[in-house]
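The values are calculated or read from the model by the stated rules, or taken from the named source; none is laboratory data. Values in this document were obtained by computation on a predicted structure and should not be read as measured data. A quick note on method: Cβ atoms are made from the backbone with ideal geometry, for glycine too, and the neighbour counts reach across all protein chains shown.
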Amino acid sequence: MKIVSSRHDLPISWDGEKVVWGEWSEVRSSLAYHATAEELACDKCGSVDESMIAWGLRDPPAGSMTTRIRTKTTRSGKKYDAVEEVPAQPLRDIYAARCRHCGHDVVTDTRTDERWDLEAEDYGPGGSTPSDTLF
Ligand SMILES: [Zn+2]
């Protein structure tokens, strides 16, 4: 019998925005030589180790634009570069760090530079939503 779980590996959305998570990177960098034991220690189980990292791809904020250079040609055949505005592309600007020992996840939103400890409901069908916001 196969047990079907509604728990996702990581939140399917972040504050209502869809997140597409990449593969877990298990590579250990040289961070352990630079960081202190306190910085590397897991808040939940206390293991001192470098976490696995997965980057998430998010759509840019609604309506955000970026510019690109496009070569255009005048009616007389002369080429010139023109700057044009195009919709911004999705960005890898959020990442999850998973403890290798207890599996605890901490997500860092690089847009706001905030870190969040994930809780059980963050893995559910509604994704992660701000729990301290009152509507
Ligand atoms: Zn841990």
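Below, the figures for the structure above:
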item	result
Set 29, 6: member being closer than 27 Å to residue 130 by Cβ, modelled with pLDDT under 95 and in a loop (DSSP other than H, G, I, E, B)	6
Scope the stretch 37-82; condition within 16 Å of the ligand (Cβ to nearest atom) and of a type in the set (D, E, K, R); matching residues	38, 39, 43, 44, 49, 50
Breaking point among (1) within 16 Å of the ligand (Cβ to nearest atom); (2) farther than 30 Å from residue 130 by Cα; (3) charged (D, E, K, R); (4) touching a strand residue (DSSP E or B) at 6+ places or on another chain (Cβ under 9 Å), for residue 85	(1)
Checklist (1) free of Cβ contacts under 8 Å to residues at least 12 places away in the same chain; (2) touching a strand residue (DSSP E or B) at 6+ places or on another chain (Cβ under 6 Å); (3) among the basic types (Lys, Arg) applied to residue 98, failing item	(1)
